[in-house]
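Structure, as structure tokens:
The values are calculated or read from the model by the stated rules, or taken from the named source; none is laboratory data. For clarity, every value in this text was computed on a predicted model and none was experimentally measured. Glycine gets a Cβ as well: all are built from the backbone with ideal geometry, and neighbour counts include every protein chain shown.
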Amino acid sequence: MDKGQLRTAEELLLSVGEEPWSTIYRATAGVFILPVFSLVFGKNGSASALVVFFLVALLLLRLAPMILRRILPFSTAVKMIWAERRVLARHYDSYQWRKLLGTGLGLATYLAVSPDAQTAQWILALTCLVSGGTGFVVWRRKTRSME
């Protein structure tokens, strides 16, 4: 699909799905997860509540774009590009790995400057970074071998 045919706003939205912008977008979301968690559960929220809250945040990161794609009018060209990306992501589950890596970067960034960082929060951030980073590397190797 020729991106020259796309409108400027649609080009911007498409770029959010490309590196490095997709990681920056997810990291930005990750930065806000712990402050919002603290607002909802207090500064000493339990580790189990943190895990559930985090999983809900990941779900919202998946549902929000899906809902926007369905309710906003996008060109056929953009819809086709997104569909191609989703097929590739489903094939390698790359979206989930990149989402973990990006949110892990955001969590770690927030924790690095937070005076209230807790062990469970660091474990969550490091788990996201390690699993997301590992999955991302495997995905990149597989997609490069296809080229």
What's the total number of residues in the stretch 69-113 that are among the hydroxyl-bearing types (Ser, Thr, Tyr), touching a Phe, Trp or Tyr at 6+ places or on another chain (Cβ under 6 Å) and closer than 20 Å to residue 28 by Cβ?
1
Hits in the stretch 106-116 (condition: over 16 Å from the mean Cα position of the chain (by Cα) and surrounded by fewer than 16 Cβ atoms within 10 Å (Cβ to Cβ))
112, 113, 114, 115, 116
Pairs, first within 16 Å of residue 106 (Cβ to Cβ) in the stretch 19-46, second loosely packed, with under 12 Cβ neighbours inside 10 Å and modelled with pLDDT of 95 or more, C-beta under 9 Å, six or more apart
none
Just checking, does the stretch 25-43 include any residue being surrounded by 12 or more Cβ atoms within 10 Å (Cβ to Cβ) and among the charged types (D, E, K, R)?
yes
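Among the residues of the stretch 72-83, write down those that are small (Gly, Ala, Ser) and either in contact with a helix residue (DSSP H, G or I) (Cβ under 8 Å, 6 or more places away or on another chain) or at pLDDT below 85 (or both).
Within the stretch 72-83, 75, 77 meet the criteria.
Residue-by-condition table, conditions (1) within 16 Å of the chain's Cα centre (by Cα); (2) over 26 Å from residue 126 (Cα atoms); (3) at pLDDT 85 or above; (4) surrounded by 11 or more Cβ atoms within 10 Å (Cβ to Cβ):
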| residue | (1), (2), (3), (4) |
| --- | --- |
| 61 | yes, no, yes, yes |
| 64 | yes, no, yes, yes |
| 70 | no, yes, yes, no |
| 85 | yes, yes, no, yes |
| 89 | yes, no, no, yes |
| 94 | yes, no, no, yes |
| 104 | yes, no, yes, yes |
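Listed here are the residues, each with its yes/no results for (1) in contact with a Leu (Cβ under 8 Å, 6 or more places away or on another chain); (2) within 19 Å of residue 19 (Cα to Cα).
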| position | (1), (2) |
| --- | --- |
| 105 | yes, yes |
| 111 | yes, no |
| 116 | no, no |
| 119 | no, no |
| 123 | no, no |
| 129 | yes, yes |
| 137 | no, yes |
| 141 | no, yes |
